[in-house]
1. Put a dot 7 Å past each Cα toward the Cβ at residue 116 and residue 150; how far apart are the dots in nm?
2. For segment 1-89, I need the span (max minus min coordinate) of the C-alpha atoms along each principal axis, in Å, sorted largest to smallest.
3. Suppose every Lys and Arg Cβ carries +1 and every Asp and Glu Cβ carries -1, with no other charges. What dipole size does segment 86-189 come out with about its Cα centre, to the nearest 20 debye?
4. Heavy-atom accessible area of residue 139 with all protein chains present, probe 1.4 Å, nearest 10 Å²?
5. Of the options 37, 13, 58, report the single residue whose Cα projects farthest towards the positive end of the charge dipole of segment 13-75 (beta-carbon charges: Lys, Arg +1; Asp, Glu -1).
6. Can you give me the Rg/Rh ratio for segment 125-174, using Cα atoms for both radii and the Kirkwood formula for Rh?
7. Taking only Cα atoms, what is the 0 to 90° angle, nearest 10, from helix 172-185's long axis to the longest principal axis of the chain?
8. Evaluate the Kirkwood expression for the hydrodynamic radius of segment 1-152, namely the inverse of the mean inverse distance over all pairs of different C-alpha atoms, and round to one decimal in Å.
Amino acid sequence: ATPAPPPADVASNEVLYLHGLHLEQYRHATYAPEPYYEEALRRDPGDSRCHVALARLLWRRGQFAMAESHLRSAIARLTSRNPNPYDGEAHYQLGLVLTFQGRTREAFDAFYKATWNAAWQDSAFFQLARLAAVHGDLEQALRLTGDALRRNHSHHPARHLKIALLRRLGRVDDAAAAIAVALALDPLEFGALWERELLGASEPGTF
C-alpha cells in the first residue's frame, strides 16, 4: 500500500476520482476524499463522477441544497448527449436529496428516471413505493414493491413494505402468505416481523 499523493500532483481526473473513492470506501483515518473530487472539478467543472461523489458526502451530512446543486451539474453533463444516461445514480441520489427536502413530487420524477438504468431499478422502485405510500396511493405503492422485487427478489425492505401495505389494504391472508415466503427466504430477518405484523398488531389500521 502506498499513500495517496497530494491532489495537485495527480495526473488525471480519473485517478483523482479513484483516489477519492478509495479514501471514501475505506474511511481513511487521515486522508479526506473531498480534496481529490474538488481538484477534479477545478480542472473540469462538469465532471459528473466527482459531482455525484461529493453529493453523496454532502447529503449524508445534511447539506441537501449543496448536494442537489452537485447532482444537477452531474445530470447536466450526463444528459448533454443522451436524455437517458448510462448510469442512473445521479438521478437516484437526486431523488433522495429531494425527498429529504420534502419535495416528494420532484423526487418521484427523479426516481422514475433512475429506473431507466438496470443497476438502480430495485432501489428506485422501492423509493417510489415509499413515496406512493406516503401520498396515500397504496395500490400504486404495492405495484411498485412488486417492481422492486421482480428486479431483486432479496430486497428485504421492499418485502417488508409489501407486507405492511397488504395489511393496510385489509388483505391479511395475502400478508400472511407474503410473510411465509419472507420467512423461508430469511428466518432471522423476518422472524420479528411475523410476530409484530400478525400477532402483535391486532388493532385495525395498524401499519
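1. So the label points at residue 150 and residue 116 sit 2.0 nm apart.
2. 40, 30, 20
3. On the way: 12 positive and 12 negative charges, 44 e Å.
That gives segment 86-189 a dipole magnitude of about 220 debye.
4. Taking all protein chains as shown, residue 139 has close to 90 Å².
5. My answer, from the dipole projection, is 58.
6. Values: Rg = 9.7 Å, Rh = 10.4 Å.
Here the Rg-to-Rh quotient is 0.94.
7. Long axis of 172-185 versus the principal axis of the chain: about 50 degrees.
8. Working: mean 1/r = 0.0611 Å⁻¹.
Hydrodynamic radius (Kirkwood, Cα pairs) of segment 1-152 is 16.4 Å.
The values are calculated or read from the model by the stated rules, or taken from the named source; none is laboratory data. Small disclaimer: the values here were computed from a predicted structure and weren't measured. A quick note on method: Cβ atoms are made from the backbone with ideal geometry, for glycine too, and the neighbour counts reach across all protein chains shown. Only protein heavy atoms, including side chains, enter the accessible area calculation; ligands, DNA and RNA are left aside. Shrake-Rupley method; radii C 1.70, N 1.55, O 1.52, S 1.80 Å.
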